[in-house]
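What follows is a short report on a single structure.
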Amino acid sequence: MTDRVLVTGGAGYIGSHVVRQLGEAGYDVVVFDNLSTGHEWAVTHGELVVGDLADPEALEALFAANEFDAVLHFAAHIIVPESVADPLKYYRNNTRNTLNLLGAMSRHGVNRIVFSSTAAVYGMPDQQVLTEDLPLAPINPYGASKMMSERMIMDLASASDLDYVILRYFNVAGADPQTRLGQATPEATHLIKVACECATGARGGMQIFGTDYGTRDGTCVRDYIHVEDLASAHVRALEHMQQGNGSEILNCGYGRGFTVREVIDVVKRLSGVDFPVTEAERRAGDPEALMADNQRIRRRLDWVPAYDDLDTIVQTALDWERHWQARQNNPTDQ
Ligand code: UDP
């Protein structure tokens, strides 16, 4: 198979795992990334073009120079509290840049997209296990920026021959089990990353944001999915469109959840480090509990997760964190 695919944000955490799986599956990959949070070394397959989706000329040159069969669009900001503090940053980088990308695809006749969306589009629903047909009601600008991008994709699909697979990610964590790739984003805020930084000494301690939620231990519940399973969902999504199966909106999660305290306990147990944890106020924009109903992705993509185990997720994240910190302390030892 020699299909040429464009991966925006392919030097980032999730994108880089997908690029590796695509490369191994025989795809011809072009990564377009501004390296704002991604890394050149993380692009293990294909060609890296350093550029910004906000730059129409760079985008035009990219599409003029390549005949893409499909686009996988990861490039985005993803931090909920930051989106609350600086919403326009999210509407620019996520929503407007998706518009720019769709414009280039449309002008150049590229009619397949796999889009990275989020459970944050659902907002604060009544039920905890979420199906894809729930009304969308994001409670933070991050979720809204992705909801608006979804809508543009669907509207363009109605008006053209565009096919899409929109993947709504739940909480992505873990790393390549061989520690070739992992979360290397500076100043990461996501729970498992933060806890692993504490366990490995890169951070002195952490806070639990909110202990008065109506959950089993008062802290928020999330559906943590291993990045390798999420990556395989993207490869399957691409194959699904190539087989002419049309457009889909699919949750990506395991359908079960863990509280913040439970996650921290696993990190402490597996690392053997009892790092300091303090209780703090609720964080703006956090829904109480989010879990995926994943029946649809299992059925439509024949997706079979291989890492549905919190210990495995945390262990791979810890292994990566140790590797990454050793590497930063000794950059020649790569
Ligand atoms: N969280 C926490 N302390 C941290 C980071 C996260 O208590 O240092 C909580 C956060 O408030 C939320 C859950 O962990 O309830 C997951 O947050 P994360 O930022 O990992 O992902 P999100 O669900 O916001 O995308």
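The values are calculated or read from the model by the stated rules, or taken from the named source; none is laboratory data. Computed from a predicted model, the values in this text were never measured in an experiment. Reconstructed Cβ throughout: ideal geometry from the backbone, glycine too, with neighbour counts over all protein chains shown. Surface accessibility is based on the protein's heavy atoms, side chains included, excluding ligands, DNA and RNA. Shrake-Rupley method; radii C 1.70, N 1.55, O 1.52, S 1.80 Å.
Side notes on the structure shown:
- Of all residues in segment 218-232 being among the hydroxyl-bearing types (S, T, Y) and near the ligand (Cβ under 9 Å from one of its atoms), the one that is farthest from L301 (Cα to Cα): T219
- Residues located in segment 105-125, provided they are open to solvent by 20 Å² or more (accessible area, probe 1.4 Å) and away from the ligand (no atom under 16 Å from the Cβ): S106, R107, H108, G109, N111, R112
- Residue in segment 41-48 that is farther than 28 Å from G285 by Cα, open to solvent by less than 10 Å² (accessible area, probe 1.4 Å), at pLDDT 95 or above and assigned to a helix (DSSP H, G or I) present: yes
- Residues within segment 267-303 that are closer than 24 Å to I139 by Cβ and open to solvent by 50 Å² or more (accessible area, probe 1.4 Å), tallied: 7
- Residue within segment 304-311 that is among the hydrophobic types (A, V, I, L, M, F, W, C), within 13 Å of the ligand (Cβ to nearest atom), in a helix (DSSP H, G or I) and open to solvent by less than 20 Å² (accessible area, probe 1.4 Å) present: no
- Considering residues of segment 202-217 that are touching a strand residue (DSSP E or B) at 6+ places or on another chain (Cβ under 8 Å) and part of a loop (DSSP other than H, G, I, E, B) only, the residue nearest to the ligand (Cβ to nearest atom): G210
- Filter pass, L99 being without any contact (Cβ under 8 Å) to a residue 40 or more places away in the chain, open to solvent by 10 Å² or more (accessible area, probe 1.4 Å) and either more than 12 Å from P141 (Cβ to Cβ) or part of a helix (DSSP H, G or I) (or both): no
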